[in-house]
Amino acid sequence: MKLLGSAVPVVMLTTVLLAVAGRAQDASSADRGGFEAKLQYCKTCHGLSAQGYRGYFPMPRLAGQQPQYLENQLRAFIERRRTNPVMANVAHALNPSTVSALATHFKNLDPRPIGGAPKQSLALGRRIYEDGIAEANVPACSACHGADGHGQNEIPRLAGQLYEYMVGQLTGWAKVRGQGSAVDTSAIMAPTAHNLTRPQIEAVAAYVSTLP
Amino acid sequence: MRVMVPHGRHRSPRKRKDMKRIVWTSALLKAALLTWALVTLVASVGPARAWEQAPIVRNCTWCHGTSAQGYTVAPRLAGQRPLYITSQIRSFREHTRDNPLSKQYMWSAVAALGPDVARDLAAYFATIPPRPANDGDQALAARGRAIYMEGIPEANVAACYACHGPNAEGIREIPRLGGLSRFYLRARLQQWGQGYHSVAGSPMPVVARSLAPDEIEELTSYLSFVR
């Protein structure tokens with residue numbers, strides 16, 4: 001995710017505007033901003049069933065995600081509290097009613113987890129998820145994310161999430177989330193992400209990726 | 001250039017069956033020759049040189065160009081991701097990649113390629129340093145780069161960068177695009193837009209439908225210059 005920050009230059013707004021103007025004879029702008037068009041747009045990267053996708057970067061699963069979490073993150077991208085230049089641009093092009101329609105739609109999708117995580121530390125991952133690591137001040141993930149990993153309200157679903165995405169988020173938490181001066185919900189995870197070792201992160205990421 | 005001979009056109013089913021047998025026999029022959037070439041050449045001049053001389057590699061470079069750098073409709077294979085090459089060979093074999101030129105040339109070209117040979121060929125081509133085609137329009141490249149890096153969110157065009165990487169280098173079964181010819185890239189994007197297929201589950205038909213013709217020109221111009 002570090003590459004994502006460094007490789008993309010400042011938004012070339014004029015360029016984008018020119019490109020948009022150039023497709024005047026294309027579909028009407030209402031269609032392009034509508035729910036169906038934006039849904040296809042999301043699925044281009046996040047998987048045709050919103051199950052997530054392994055591109056050059058791991059694109060997270062959106063299927064079954066908590067609507068409030070999705071809306072919060074889109075706002076965080078726009079306000080640069082969560083660093084991701086590509087998603088900041090994407091979020092800018094979504095109006096609030098489309099966002100809530102998309103979030104509701106994704107909540108109701110239930111494709112099988114994409115799989116592909118290493119299997120050797122699933123048992124450790126499960127232990128961390130269910131019991132935490134008392135000596136390292138890591139609470140049980142299940143306490144907030146639920147025994148089934150489905151999350152609630154602003155707390156995200158982790159079940160079926162891409163292994164690589166989970167590892168990337170937990171290892172890079174402090175550099176990507178909660179940026180700027182405003183405090184947001186990402187602060188809740190900061191100490192836990194910090195207290196987990198890399199092998200522990202990999203174990204718990206592998207475990208949640210298998211949850212239906 | 002060498003003339004490409006279309007296979008399998010205007011033939012009766014029986015003739016096609018005979019052709020199949022011939023293709024298989026010649027494949028066996030090629031495999032034998034290949035083994036022989038490898039055994040003799042690996043010993044004397046090293047593996048890379050041996051592959052270059054192998055009849056089966058020459059069958060590819062016939063159309064894909066000297067050093068596999070691509071030639072007009074046949075894309076560069078040099079430096080391509082090996083998993084991408086094998087996935088495409090499989091999709092030609094299974095007739096899922098179905099645009100006209102694939103049908104005409106590649107379906108028969110890979111009909112006799114087993115998975116092991118396909119994997120070895122892919123590994124070999126991946127090691128050849130790719131050269132950029134440079135056949136784009138320089139004046140369009142800057143806008144093409146902006147589309148590549150950022151997409152066009154207002155028009156639902158996804159950033160190519162998210163899947164194909166910061167330098168269009170590709171990863172795993174996602175192809176390297178940097179330096180492929182504008183001609184080839186444009187044809188692929190147009191074909192997806194027209195409803196032809198590549199591999200199951202590919203997001204590319206959705207991507208291609210979102211691109212306007214002038215955006216395809218800009219994007220492919222940019223990519224043709226990427227090293």
* A:ALA147 vs. criteria in contact (Cβ under 8 Å) with a residue 60 or more places away in the chain and under 19 Å from A:GLY64 (Cβ atoms) -> no
* Structure fact -> Screening A:VAL99, A:VAL90 for residues that are among the hydrophobic types (A, V, I, L, M, F, W, C) and under 26 Å from B:GLY170 (Cα atoms) leaves only A:VAL90
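Given the residues B:ALA168, B:ALA200, which is the only one that is on the phi > 0 side of the Ramachandran plot, in a loop (DSSP other than H, G, I, E, B) and touching a residue at least 40 places away in the same chain (Cβ under 8 Å)?
One residue alone meets the criteria, B:ALA168.
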* To do: Answer yes or no: is there a residue in region B:62-84 that is β-branched (Val, Ile, Thr) and at pLDDT 80 or above.
  => yes
* **In region A:93-114, the residues that are surrounded by 12 or more Cβ atoms within 10 Å (Cβ to Cβ), more than 14 Å from chain B (Cβ to nearest Cβ) and not basic (Lys, Arg)** => A:SER100, A:ALA101, A:ALA103, A:HIS105, A:PHE106, A:LEU109, A:ASP110, A:PRO113
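Criterion first (buried (at least 21 other Cβ atoms within 10 Å of the Cβ) and not hydrophobic (A, V, I, L, M, F, W, C)) does B:TYR222 satisfy it? Before you say what the answer is, go through the steps one by one.
On the way: buried (at least 21 other Cβ atoms within 10 Å of the Cβ): yes; not hydrophobic (A, V, I, L, M, F, W, C): yes.
When the stated conditions are applied, B:TYR222 passes them.
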* Structure fact -> Within region B:157-174, the count of residues that are polar (S, T, N, Q) and at the interface with chain A (Cβ under 7 Å from one of its Cβ atoms) comes to 0
* Asked: Would region A:115-129 turn up any residue that is within 16 Å of A:HIS46 (Cβ to Cβ) and surrounded by 20 or more Cβ atoms within 10 Å (Cβ to Cβ)?
  -> no
* Looking at A:ARG81, A:ARG157, A:ARG126, which one is at pLDDT 95 or above, under 29 Å from A:GLY34 (Cβ atoms), of a type outside the set (Val, Ile, Thr) and in contact with a Phe, Trp or Tyr (Cβ under 9 Å, 6 or more places away or on another chain)? -> A:ARG157
* Asked: Among the residues of region B:190-227, how many are facing chain A (nearest Cβ under 8 Å) and either closer than 19 Å to B:PHE92 by Cβ or in contact with an Asp or Glu (Cβ under 6 Å, 6 or more places away or on another chain) (or both)?
  -> 2
* **Residues of region B:138-156 satisfying the condition of being surrounded by 24 or more Cβ atoms within 10 Å (Cβ to Cβ) and more than 8 Å from chain A (Cβ to nearest Cβ)** => B:GLY144
* Filtered residues of region A:143-165 (kept if in a helix (DSSP H, G or I) and buried (at least 17 other Cβ atoms within 10 Å of the Cβ)) -> A:HIS145, A:TYR163, A:GLU164, A:TYR165
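The values are calculated or read from the model by the stated rules, or taken from the named source; none is laboratory data. Model, not experiment: these values are computed from the prediction. Don't worry about glycine lacking a Cβ; one is built from the backbone with ideal geometry, like all the others, and counts go over all protein chains shown.
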